[in-house]
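The values are calculated or read from the model by the stated rules, or taken from the named source; none is laboratory data. These numbers were taken from a predicted model, which means no experiment stands behind them. Here the Cβ is made from the backbone with ideal geometry for all residues, glycine too, and neighbour counts use every protein chain on show. Heads up: the accessible areas ignore ligands, DNA and RNA and are worked out on the full protein's heavy atoms, side chains in. Shrake-Rupley method; radii C 1.70, N 1.55, O 1.52, S 1.80 Å.
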Amino acid sequence: MSATIIDGKAVAAALRATVAARVATLDFQPGLAVVLVGDDPASTVYVRNKDRAAAAAGIAARTIRLPADTTQAALLAQVGALNADDTVDGILVQLPLPPGIDPRAVIEAIDPAKDVDGFHPINVGRLADGLPTLAPCTPTGVMRLLAAAGISPRGARALVIGRSSIVGKPMAALLLAADATVTIAHSRTRDLPGECRRAEIVIAATGRPEMVRADWIAPGATVIDVGINRLADGRLAGDVAFEECRAVAGAITPVPGGVGPMTIACLLENTLTAAIARRGVPPAGD
Ligand code: GUN
């Protein structure tokens, strides 16, 4: 058997088009502010892509570039100014931040209503409680991919490998909210291959290239690869050994072209959600 390849580029393009169509019906322009501190090359590329995608969806995107030696106080002042700016519906401070700045302090300074990353403790708590909220973009993108591929988490055994605040923990919360039976595995998990073999849905978010092997995968399982790792030879690899796992899985995401494009599409969706909630616009369909 060869797995269905879940096409994240196509699903993301459809979501971006849906967001753009809804933005076009509004009598105001949603605003997104992205803050980049320093000149980390990967972050610079991500931020440029976010900015372009927002503009293409009709969102007023602005990138605020601050030097690497910016103090925490100056960054907090910048976040405060964006909180107070009524034209800004979404605020994203690109991580990682340079040494000397506490990311927690910065995240907690963002107005939870504008927290389009879903990282503020208020939004984390609402998600953990199963309440509607701005949820982190990458795990939300994974849920959208599962839905687009017709894979229901309800009642399924789902394994999330990785327990980061950006992906693993919110991923588990979203799967639980969708009625999956969720296990979170991590670097201290005993018998990770065995845990994996029991899962009907595997979400790999470890940051270890090609760690998940074919003999870890139950025949027909769904395998979602959140990893993006640059190998020594310049190639991009996920956390899943794609070529061997696709022969066993029922459905699988490629890297690139799987989860990656969904993150930005979900950021646009969160910006739209924040904008209509802040400005009291009825949700679509009302
Ligand atoms: N760095 C890597 N992923 C993310 C993300 O989803 N949001 C932010 N703000 N920074 C990141």
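Quick notes on this structure:
- Elements of type strands (runs of 3 or more DSSP E) contained in the range 170-278, each with 1 or more residues being small (Gly, Ala, Ser), within 18 Å of the chain's Cα centre (by Cα) and under 24 Å from residue 43 (Cβ atoms): 201-204
- Only listed residue being among the aliphatic types (A, V, I, L, M), within 16 Å of the ligand (Cβ to nearest atom) and open to solvent by 10 Å² or more (accessible area, probe 1.4 Å), chosen from 259, 226: 226
Residue-by-condition table, conditions (1) more than 16 Å from the ligand (Cβ to nearest atom); (2) at pLDDT below 95; (3) buried (at least 19 other Cβ atoms within 10 Å of the Cβ); (4) within 25 Å of residue 10 (Cα to Cα):
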position	(1), (2), (3), (4)
162	no, no, yes, no
165	no, no, no, no
168	no, no, yes, yes
197	yes, no, no, no
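- On inspection, residue 87 qualifies as open to solvent by 40 Å² or more (accessible area, probe 1.4 Å) and in contact (Cβ under 8 Å) with a residue 12 or more places away in the chain.
- The range 76-96, subset within 14 Å of the ligand (Cβ to nearest atom) and in a loop (DSSP other than H, G, I, E, B), residue farthest from residue 54 (Cα to Cα): 96
- So residue 11, is it within 16 Å of the ligand (Cβ to nearest atom) and either under 30 Å from residue 248 (Cβ atoms) or open to solvent by less than 20 Å² (accessible area, probe 1.4 Å) (or both): no
- Members of the range 1-60 that are touching an Asp or Glu at 6+ places or on another chain (Cβ under 8 Å) and over 26 Å from residue 149 (Cα atoms): 30, 31, 32, 33, 34
- Residues of the range 18-47 that turn out to be assigned to a helix (DSSP H, G or I), out of contact with any strand residue (DSSP E or B) (no Cβ under 8 Å at 6 or more places or on another chain) and surrounded by 13 or more Cβ atoms within 10 Å (Cβ to Cβ), as a count: 6
- Flag if residue 144 is of a type in the set (Lys, Arg), assigned to a helix (DSSP H, G or I), over 21 Å from residue 260 (Cβ atoms) and modelled with pLDDT of 95 or more: no
- Considering the range 229-256, the residues that are among the charged types (D, E, K, R), more than 16 Å from the ligand (Cβ to nearest atom) and modelled with pLDDT under 95 include one that is nearest to residue 27 (Cα to Cα), namely 235.
- The residues listed here are 60, 24, 53; of these, the one that is within 15 Å of the ligand (Cβ to nearest atom), of a type outside the set (S, T, N, Q) and touching a residue at least 12 places away in the same chain (Cβ under 8 Å) is 53.
- Subset of the range 245-256 that is in contact with a helix residue (DSSP H, G or I) (Cβ under 8 Å, 6 or more places away or on another chain) and within 19 Å of residue 205 (Cα to Cα) - its residue that is surrounded by the fewest Cβ atoms within 10 Å (Cβ to Cβ): 254
- Candidates are the residues of the range 63-75 that are within 15 Å of the ligand (Cβ to nearest atom) and aliphatic (A, V, I, L, M); the one that is surrounded by the most Cβ atoms within 10 Å (Cβ to Cβ) is 75.
- Residue satisfying all of: in the range 113-137; open to solvent by less than 40 Å² (accessible area, probe 1.4 Å) and assigned to a helix (DSSP H, G or I); farthest from the ligand (Cβ to nearest atom) among these: 125
- Meets criteria (more than 16 Å from the ligand (Cβ to nearest atom) and at positive phi) for residue 100: yes
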